[in-house]
Amino acid sequence: GKVIFNGHIVDREKAIIHIEDRGFQFGDGVYEVIRIYNGKPFTLKEHIDRLYASAQKIYMEIPYSKQEITDLIINLLEQENASTCNLYLQISRGVVPRNHVIPETVSPTLIGYLMPGTRPVDLMKTGGKAVITEDLRWHYCDIKSISLLGAVLAKKKATDAGCLEAILHRDGIITEGSSTNIWMVQNGKLFTHPANQFILNGITRQKVISLLDFNQLPYEETGFTVEQLQNADELFLTSTTMEIIPIVEVDGVKIGNGTPGDVTRKLQTLFEQEIEHECGH
Ligand SMILES: Cc1ncc(COP(=O)(O)O)c(CN[C@@H]2CONC2=O)c1O
């Protein structure tokens, strides 16, 4: 198969990463996971904008224009005859002799490739389970960085408990999931953590907010406590690869009546219409 590698589309086996690439040694890089439906990227502009914003926050100049990256992605999708899948896109700082100091000049390494990924339709219907654990990550959560060990160790708490996601809290205030944003529904109103340095401002989160605004559904971007989460009428997570997944049980205790709630299901329908609108046949 073909992949994006430093501005070109190459055979996968030709995309070789140097042992002193700072992405490999320091997790010094930024990334995006972009959803492809019917061969078309969903919310591509938003993802590319965020990629550049993340790069800027780590003082990394991307040596490609947004249009060049867009063209590479469209070219890759055509060459790979893509249908529904996920695109992984990453830019690391590049190759220099190992040193913590960020080098004055270095040429970043760009990679992009398609990963299998069908829509999680069953999970959307049944909902999934989660555990709650302390958010022990750093304070740059707004940067979509490939320094993901904090997220990896949090996700382990979920998988060790046979759950889908680990819901994180900082001093009792729910922030987000290890690789998702978290939403609560209480008396018909939605709540999610404000977009600051303690969460990634998810593209799916932003799309849900635009749907809430357009449909005049009440919501508040505010921190809520672990106790409020446990007593929520409904919970759901959002992410590019998962879309909107109800959370029906947390730490072994049912949320609401233990089945996906009406507000969550309404949002799933509205979100599906967005996908159809942007990536329909
Ligand atoms: C920590 C974290 N929070 C929230 C999200 C949701 O953001 P999006 O709505 O923009 O996807 C992600 C996405 N994680 C990506 C999406 O899938 N796999 C990942 O690593 C994430 O890693």
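The values are calculated or read from the model by the stated rules, or taken from the named source; none is laboratory data. Given the structure is predicted, the values throughout are model-derived calculations rather than measurements. Heads up, the Cβs are rebuilt from the backbone with ideal geometry, glycines too, and the neighbour counts pull from every protein chain shown. With ligands, DNA and RNA removed, areas are computed over all heavy atoms of the protein, side chains included. Shrake-Rupley method; radii C 1.70, N 1.55, O 1.52, S 1.80 Å.
Please arrange Lys14, Lys207, Lys156 by accessible surface area, largest first, computed with a 1.4 Å probe and ligands excluded.
The ranking, largest first, comes out as Lys14, Lys156, Lys207.
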### Task
Take the alpha-carbon centre of the range 61-80, take the same for the range 130-151, and report the distance between them in whole Å.
28 Å
### Message
Using a 1.4 Å probe on the protein heavy atoms only, what accessible surface does Glu272 show? Give it in Å² to the nearest 10.
### Response
90 Å²
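At 1.4 Å probe size, with every protein chain present, just tell me what the per residue accessible area of the chain comes to in Å². If you can, show how the numbers build up before the last one.
Working: 13670 Å² over 281 residues.
Accessible area per residue, the chain: 49 Å².
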### Task
Kindly list the residues of the range 37-68 that lie in the label zone of Ser107, defined by a backbone N under 16 Å from the point 7 Å along the Cα-to-C-beta vector.
61-65
### Message
If you split all Cα-Cα distances of the range 1-109 into 10 Å bins from zero, what percentages do you get per bin, shortest first?
### Response
14, 45, 32, 8, 0
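Sort the following peptides by mean Cβ neighbour count (other Cβ atoms within 10 Å, averaged over residues), highest first: 227-238, 44-55. Present the calculation step by step, with values, prior to reporting the outcome.
Working: 227-238: 20.6, 44-55: 18.2.
Ranked from most to least packed, the peptides come out as 227-238, 44-55.
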### Summary
Eigenvalues of the alpha-carbon gyration tensor of the chain, times 5 and square-rooted, give semi-axes in Å, largest first, of 33, 22, 16
### Message
I'd like the Kirkwood hydrodynamic radius of the range 121-279, using the inverse of the mean 1/r over distinct C-alpha pairs, in Å.
### Response
15.5 Å
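Full-extension gain between Thr241 and Asn187, please, as 0.36 nm times their residue separation minus the C-alpha to C-alpha distance. Display every interim value, and only then the final one.
On the way: separation 54, 0.36 × 54 = 19.44 nm, distance 2.82 nm.
Net length gain for the segment: 16.6 nm.
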### Message
Regarding the range 213-262, what's the average projected area of the Cα-atom convex hull, expressed in nm²?
### Response
4.5 nm²
### Summary
Once Asp160, Asp11 are ranked on solvent-accessible area with the largest value leading and a 1.4 Å probe, the list reads Asp160, Asp11
### Summary
Summing -39500 (n - 2.57) over every DSSP H run of at least 4 in the chain, dividing by its residue total and rounding to the nearest 500, the 222 nm mean residue ellipticity is -9000 deg cm²/dmol
